[in-house]
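Let me begin by presenting the structure, written as structure tokens, before commenting on it.
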């Protein structure tokens, strides 16, 4: 689980770099992956953010993509893994 979350933190930089280059294809692919992987790990918020990011990339809406990057960053900052 921590590896999954660490990888999502790495995705933040990839997303920002792609957005800077206006590489909407990369943003769309990462959004699609987040959408698929989030629910599998029990993170519905990541799934939701990924779906919205994918859609924003399809529309080439840079400001909306930036909002979703911020939402993902905030979520990852707040989430913690508790082992029972």
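Values in this text are rule-based calculations from the coordinates and carry no lab data. Treat the numbers as computed from the prediction; the structure is a model and nothing was measured. Here the Cβ positions follow ideal geometry from the backbone for every residue, glycine too, while neighbour counts run over all protein chains shown.
Assorted remarks:
- Averaging 1/r across all pairs of distinct Cα atoms in the range 2-78 and inverting the result yields a Kirkwood radius of 11.8 Å.
- When 20, 47 are sorted by how many other C-beta atoms sit within 10 angstrom of their C-beta, beginning with the fewest, the order is 20, 47.
- Label point distance in nm, residue 77-residue 33, each placed 7 Å from Cα along Cα→Cβ: 2.4 nm
- FRET efficiency for the residue 7 to residue 66 pair, using the beta carbon distance and R₀ = 30 Å, is estimated at 0.90.
- The residues 30, 15, 5, when put in order of fewest to most other Cβ atoms within 10 Å, stand as 5, 30, 15.
- Per-residue Cβ neighbour rank within 10 angstrom, fewest leading, 81, 70, 27: 81, 70, 27
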